[in-house]
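Let me begin by presenting the structure, written as C-alpha cells, before commenting on it.
Just so it is clear, none of the values below were taken in a lab; they were calculated from the coordinates. Since this is a predicted model, take the numbers as computed values, not measurements. Every residue, glycine as well, gets a Cβ built from its backbone with ideal geometry; the counts of neighbours run over all protein chains shown.
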Amino acid sequence: MLSSSAAQSALCHGSGALVEDEASAGQQNVQLKELDSPLRSAVTASHPELVQRLLRGRADVNGKDTRGVTPLHLAVFKGRQHIVNLLLSAAADANARDCHGQSPIFFAPSRQICETLMARSADLSLVNIRNQTPLHLLARAGQESD
C-alpha cells in the first residue's frame, strides 16, 4: 500500500498514476495526512481524471474533514467547474454544511458554479452560524468591490 505521504506527494506533483493504482486496489477511502482522503487530495490538486477514477471506485463523495468540509466544498472554492460536475454526478450533497454552517454555494466564485449548484437543489435559504445566507455574503462582496 502506498504511504499517505507518498500519495500526497504524487497528487501534488501531478503523478496520479501511483494513486490510481491504489484506487484500483480498493484504497480509495484511506485517510491521508491531516485526515485527507485520496478524493479530497485529487480535488485539491485539480486532477479531474483521478477524481473520476476514485468516484468509479466508490470513494466517499460526501466524506468530511474535521471542519465538515466535503470534496464539493473544495472544488467549488477552487472554482473547478468540471470537478464540481463530476462530484454532483456522483451524488455529492449540494447542501452539506461545514463547521460554520456553510454549504458549497457559500463559496461559489462564479455564476456558472452557482447555477450548477442551484440546478442540483442547493438551498439559498440556508443560514450559517452568523445567520447569513449565501445571498447576504454575495451582496456584501459586491459592496466591498465597489
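Could you check the range 87-146 and list, in sequence order, the residues that are among the hydroxyl-bearing types (S, T, Y) and in a loop (DSSP other than H, G, I, E, B)?
S103, S110, S121, S125, T133
In the range 97-114, what residues are surrounded by fewer than 22 Cβ atoms within 10 Å (Cβ to Cβ), within 12 Å of the chain's Cα centre (by Cα) and under 17 Å from R140 (Cβ atoms)?
Once the filter is applied, which keeps residues that are surrounded by fewer than 22 Cβ atoms within 10 Å (Cβ to Cβ), within 12 Å of the chain's Cα centre (by Cα) and under 17 Å from R140 (Cβ atoms), the range 97-114 yields only F107.
Pull up the range 36-58, narrow it to residues that are assigned to a loop (DSSP other than H, G, I, E, B) and of a type in the set (S, T, N, Q), then point me to the one that is nearest to V76 (Cα to Cα).
Checking each candidate, the answer is S46.
Mind checking whether some residue in the range 64-78 is over 12 Å from the mean Cα position of the chain (by Cα) and surrounded by fewer than 22 Cβ atoms within 10 Å (Cβ to Cβ)?
The answer is yes; a qualifying residue exists.
Kindly evaluate S125 against the criterion of being out of contact with any strand residue (DSSP E or B) (no Cβ under 9 Å at 6 or more places or on another chain) and over 17 Å from R40 (Cα atoms).
Yes: the conditions hold for S125.
What are the residues in the range 115-133 that are β-branched (V, I, T) and either without any contact (Cβ under 8 Å) to a residue 24 or more places away in the chain or loosely packed, with under 12 Cβ neighbours inside 10 Å (or both), if any?
Result: I129, T133.
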